[in-house]
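Let me begin by handing over the structure; questions about it come next.
Every number in this text was worked out from the coordinates using simple rules, so none of it is lab data. Predicted, not measured: the structure shown is a model, and the values here were computed from it. Cβ placement follows ideal geometry from the backbone for every residue including glycine, while neighbour counts extend to all protein chains displayed.
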Amino acid sequence: MISLKEQQSLKAHNTFHINAHASLFCTISSLNDAISLFRLPAYKEHPSLIVGSGSNILFTNDFAGIVIHNELKGIRAVKETDQHVEVEAASGEQWHSLVMHCVNNNWGGIENLSLIPGTVGAAPMQNIGAYGVEIKDVIITVNAIDRASGDKVTFTAEECRFGYRESVFKHELKEKFLISSVTLRLTKKNHKLNTSYGAIKETLSMMNNAAPAVQSISAAVIAIRRSKLPDPEVIGNAGSFFKNPVVSREHYEALKKSYPTMPGYFSENQSVKVPAAWLIEQDGWKGKRFGDAGVHANHALVLVNYNDAKGKDIQELAMKIQSSIQAKFEIMLTPEVNII
């Protein structure tokens with residue numbers, strides 16, 4: 001039975017810990033709950049927002065509609081061969097819990113995505129990625145419910161139209177579906193381990209691990225992330241606030257003349273991905289604080305709520321950083337976080 005609560009605080013439902021309120025709030029823990037909700041007159045009469053752990057949301061105002069908290073749970077192997085396993089995970093599961101489940105079973109493919117905050121349902125929307133791996137590399141299907149009709153729909157990886165921190169669910173199909181589960185194809189042996197990106201090799205060396213495995217790469221990624229990123233339970237944040245910008249090769253090479261140490265990652269189409277954290281740090285924003293809103297001292301890409309910042313305080317800081325980076329490097333940073 002779906003119960004709608006009025007004027008619910010959302011502070012516990014976003015990792016920035018912004019004390020916004022929802023006009024109406026409910027929790028779904030089964031597909032029947034979701035289908036019943038989507039058929040309610042109250043649902044059809046109000047705007048709605050689906051949240052999991054709220055790790056990629058910045059509330060700048062109260063939400064004048066229904067906030068739907070997704071608590072769909074369950075992880076199961078649906079198909080296995082000697083080489084591969086297909087794993088279906090419900091969208092309300094914590095992403096890191098799924099990664100640990102797979103790592104503990106020696107299933108390879110998402111170990112580089114350890115400790116990414118958020119739920120399984122948010123993962124394909126953002127095409128989450130880290131340390132040289134993206135979820136699009138292993139995803140088979142995304143199961144969803146049409147929020148207008150209540151019908152169940154399955155999307156192939158191709159139909160998801162994955163891009164860099166992008167998918168069809170952020171554009172043409174935005175707010176039209178509830179992602180109910182995701183199915184991944186992982187390796188059971190002969191894993192293709194990715195240790196070339198970031199500080200993974202160095203961390204493995206420090207851990208005296210000469211023969212990397214799924215488990216050791218996961219442990220290395222967790223160690224790296226914990227050393228750089230603040231715990232949202234301690235300091236409100238949503239992880240990386242901006243996407244890494246992609247510029248033309250000509251623009252990058254022109255900037256390199258003025259900034260010889262500027263890192264860049266070349267793609268096949270001759271564009272170059274530049275680390276947003278490097279740009280922000282070079283421009284002097286790292287560690288700056290304005291009241292309770294600030295840029296984290298250990299990672300320039302993380303904006304934080306030290307105590308009681310308003311969402312608009314964080315947004316204002318983000319806009320100042322964007323203007324500053326645009327003026328200095330002629331690069332416009334795009335938020336990775338969804339600003340509501």
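Pop a pseudo-label 7 angstrom from the Cα along the beta-carbon direction at both H46 and T81 and give the gap in nm to one decimal.
The answer from the label model is 4.8 nm.
Placing unit charges on C-beta atoms (Lys and Arg positive, Asp and Glu negative, everything else neutral), compute the dipole magnitude of the chain about its Cα centre in debye, rounded to 20.
Using only the charged Cβ atoms, the result is roughly 420 debye.
Considering amide H positions built from the backbone, and no H for Pro or chain starts, which residues 5 or more places from I128, or on another chain, come under 5 Å of its amide H?
I135
How charged is the neighbourhood of D308? Take every other residue with its Cβ under 14 Å from the Cβ of D308, and add Lys/Arg as +1 and Asp/Glu as -1.
+2
Provide the gained length on full extension for the span K288 to M332, in nm with one decimal, where the gain is 0.36 nm per separating residue minus the Cα-Cα distance.
13.8 nm
Nearest 5 is fine: what % of DSSP beta bridges in the chain come out antiparallel, could you say?
If we restrict to bridges inside the chain, about 80 percent are antiparallel.
Separation of region 22-43 and region 60-132 by C-alpha centroid, Å?
22 Å
On to the next question. Arrange the peptides 249-255, 262-268 so that the one whose residues have, on average, the most other Cβ atoms within 10 Å appears first.
Top of the packing list down: 249-255, 262-268.
Take the alpha carbon atoms of region 261-325, find their center, do the same for region 176-191, and report the distance between the two centers in whole angstrom.
31 Å
As a check on your grasp of the helix formula, calculate [θ] at 222 nm for the chain: sum -39500 (n - 2.57) over DSSP H runs of n ≥ 4, divide by the residue count, round to the nearest 500.
-7500 deg cm²/dmol
Starting from one equal scatterer on each C-alpha and no solvent at all, send me the Debye-based log10 I(q)/I(0) for region 218-282 at q = 0.14, 0.21, 0.28 Å⁻¹, two decimals.
For region 218-282 at q = 0.14, 0.21, 0.28 Å⁻¹, log10 I(q)/I(0) is -0.57, -0.92, -1.18.
Here's something else I'd like to know. If we count every other residue with Cβ under 13 angstrom of I139's Cβ, Lys/Arg +1 and Asp/Glu -1, where does the sum land?
-3
Let me ask you something else. Can you give the Kirkwood hydrodynamic radius of region 236-339 from its Cα pairs, in Å with one decimal?
Radius from the Kirkwood sum: 14.1 Å.
Then there's this: Given +1 on the Cβ of Lys and Arg, -1 on the Cβ of Asp and Glu, and no further charges, what dipole in debye does region 238-279 carry about its Cα centre, rounded to the nearest 20?
Computed charge dipole of region 238-279: roughly 80 debye.
What ranking do 32-45, 179-192 get when scored by the average of other Cβ atoms within 10 Å per residue, highest first?
179-192, 32-45
Among the listed pairs K243/K288; K170/K192; K136/K310; K256/K328; K5/K73; K136/K174, which are separated by more than 25 Å between their Cα atoms?
Among K243/K288; K170/K192; K136/K310; K256/K328; K5/K73; K136/K174, the Cα-Cα distance tops 25 Å for K170/K192; K136/K310.
Next up: Using the per-residue mean of other Cβ atoms lying within 10 Å as a proxy for protection, in what order, highest first, do the peptides 66-74, 160-168 fall?
Result, highest mean first: 66-74, 160-168.
Also, I was wondering about something else. Quick check: net charge around D292, other residues with Cβ under 10 Å of its Cβ, Lys/Arg +1 and Asp/Glu -1?
Net charge around D292: 0.
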